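Contents: one structure, followed by commentary.
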């Protein structure tokens, strides 16, 4: 029997019952649909009542372009060493421990391609935090501190041609010309995707694309922004 989105909702609910707060990670290669899945889980689980699920992206820990320029890494933005992995792990530990007060997490502005400090409030009512990113299962350097902070990690899997098509479209949407978008996707993004693919077997669950609904806004433009991931 194939996995469905309802199965994922039920599993996330069970995870949230384990303690005062659970942390669920969603990993996968660039363009695999991580953010879309996280957004659907948060919206569907929260429903119309008091929100009890928070969404915190790993992308908030991108190093700013000015620092990437200083380090000489701007041309491969999105690689593991272009993030503050230690800071991300520290936030996850704080989200686990500090359940009695609001914890602020950074967001990521895709139009500017920059992190935004203090953009996401995680309230004490959040019993489940869903966090998504490429490198949640990576065991190199400070990334090794991330997995022990998470109760479960799910891995989004998608047809490779579709993943590439989505990535090219995303880069074009946020300002790249077609040729530049294709070059980036087949270069920097592909190197990162190949690395992420090696972490698949460490996941607690592999989520096929068929189990993830279409992005909000795909059928009704008034339902929100285009999801990434």
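All of the numbers you see were taken from the coordinates with simple rules; none came from a lab. As the structure is a prediction and not an experimental result, all values here were calculated from the model. Note that we place each Cβ from the backbone using ideal geometry, even for glycine, and neighbour counts take in every protein chain shown.
The percentage of C-alpha pairs in region 42-90 whose separation is greater than 14 Å is 58%. Between residue 165 and residue 140, what FRET efficiency comes out of the Förster formula 1/(1 + (r/R0)^6) with R0 = 41 Å and r the beta carbon distance, rounded to 0.05? Computed FRET efficiency for residue 140 and residue 165 comes out at 0.90. Adding -39500 (n - 2.57) for every DSSP H run of four residues or longer, then dividing by how many residues the chain holds, sets the calculated 222 nm ellipticity at -9500 deg cm²/dmol. When the Gaussian network model of the chain links Cα atoms closer than 10 Å, the mean-square fluctuations of 85, 105, 214 top out at 214. Would you please give the FRET efficiency between residue 77 and residue 195, computed as 1/(1 + (r/R0)^6) with r the Cβ-Cβ distance and R0 = 22 Å, to the nearest 0.05? Once rounded, the FRET efficiency stands at 0.90. Taking a ≥ b ≥ c as the square roots of the eigenvalues of the alpha-carbon gyration tensor, region 1-116 is classed prolate because a/c is 1.5 or more and a/b outweighs b/c. Pair-distance distribution P(r) for region 59-126, from all Cα-Cα distances in 5 Å bins starting at 0: 4, 17, 23, 22, 15, 10, 6, 3, 0 percent.
Modelled spin labels at residue 2 and residue 44, positioned 7 Å past Cα toward Cβ, are 1.5 nm from each other. With the convex hull constructed from alpha-carbon coordinates only, the chain shows a mean projected area of 12.5 nm² over all directions. Using only alpha-carbon positions in region 163-212, the gyration tensor eigenvalues give semi-axes of 25, 14, 6 Å once each is multiplied by 5 and square-rooted (largest first).
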